[in-house]
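The values are calculated or read from the model by the stated rules, or taken from the named source; none is laboratory data. The structure presented is a predicted model; accordingly, all values stated were derived computationally and were not measured. Ideal geometry is used to build each Cβ from the backbone, glycine not excepted, and the neighbour counts take in all protein chains shown. We work out accessible area using only protein heavy atoms, side chains counted, and drop any ligands, DNA or RNA first. Shrake-Rupley method; radii C 1.70, N 1.55, O 1.52, S 1.80 Å.
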Amino acid sequence: QVQLVESGGGLVQPGGSLRLSCAASGSIFSINAMRWYRQAPGKQRELVAVIGSGGSTNYADSVKGRFTISRDNAKNTVYLQMNSLEPEDTAVYYCNADVTMVGRYVSNNYWGQGTRVTVSS
């Protein structure tokens, strides 16, 4: 089994910063793409950022220049540094990853439980 556990959410004022972390654990052989999604109240879940195993990144237009995704492969952890936060960034943030388990030949997609981010004064 593989588990993804997010941390770092909370309440922050507009213009503030937060850093989310997501640690993968279990019988992991390798992790390919790692992603952050978010879901605001009453809205569909949307892709925020993705990072490949080699470090290539891509971002939603709404967060470009404000958010930075990074990963530590030795720790099986992905991060999301969020700066210049806006009320519109309020959402539950979910970690997602394509993980190949030990002894397997294909990857499976896994989700974390989510961490809530609230941007409000």
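Counting the residues of the range 1-27 that are assigned to a strand (DSSP E or B) and surrounded by fewer than 15 Cβ atoms within 10 Å (Cβ to Cβ) gives 8. Within 11 Å of ALA97 (Cβ to Cβ) and in a loop (DSSP other than H, G, I, E, B): does that describe SER30? So SER30 does not fit the description; no. Restricted to the range 82-98, and to residues there that are outside any loop (DSSP other than H, G, I, E, B) and open to solvent by 60 Å² or more (accessible area, probe 1.4 Å), the residue that is nearest to SER120 (Cα to Cα) is PRO87.
Take the conditions (1) under 19 Å from GLY42 (Cα atoms); (2) of a type in the set (S, T, N, Q); (3) assigned to a strand (DSSP E or B); GLN113 misses just one of them, which is (3). Residue check: ALA97 meets all listed conditions (1) touching a residue at least 12 places away in the same chain (Cβ under 8 Å); (2) out of contact with any Gly (no Cβ under 8 Å at 6 or more places or on another chain); (3) more than 17 Å from VAL50 (Cα to Cα) but one, namely (3). For the range 68-79, check the following and say yes or no: at least one residue is within 24 Å of GLY15 (Cα to Cα), exposed (fewer than 14 other Cβ atoms within 10 Å of the Cβ), among the acidic types (Asp, Glu) and touching a strand residue (DSSP E or B) at 6+ places or on another chain (Cβ under 9 Å). Checked against the condition, which is being within 24 Å of GLY15 (Cα to Cα), exposed (fewer than 14 other Cβ atoms within 10 Å of the Cβ), among the acidic types (Asp, Glu) and touching a strand residue (DSSP E or B) at 6+ places or on another chain (Cβ under 9 Å), the range 68-79 yields no hits at all. GLN44: touching a strand residue (DSSP E or B) at 6+ places or on another chain (Cβ under 8 Å) and modelled with pLDDT of 95 or more, yes or no? No, not satisfied.
Quick grid of which residues meet (1) part of a loop (DSSP other than H, G, I, E, B); (2) within 16 Å of LEU4 (Cβ to Cβ):
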{"site": "TRP36", "(1), (2)": "no, yes"}
{"site": "LYS43", "(1), (2)": "yes, no"}
{"site": "LEU47", "(1), (2)": "no, yes"}
{"site": "VAL50", "(1), (2)": "no, yes"}
{"site": "GLY54", "(1), (2)": "yes, no"}
{"site": "SER62", "(1), (2)": "yes, no"}
{"site": "ARG71", "(1), (2)": "no, yes"}
{"site": "ALA74", "(1), (2)": "no, no"}
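In the range 99-110, which residue that is loosely packed, with under 15 Cβ neighbours inside 10 Å and on the phi < 0 side of the Ramachandran plot is nearest to the chain's Cα centre (by Cα)?
Checking each candidate, the answer is ASN109.
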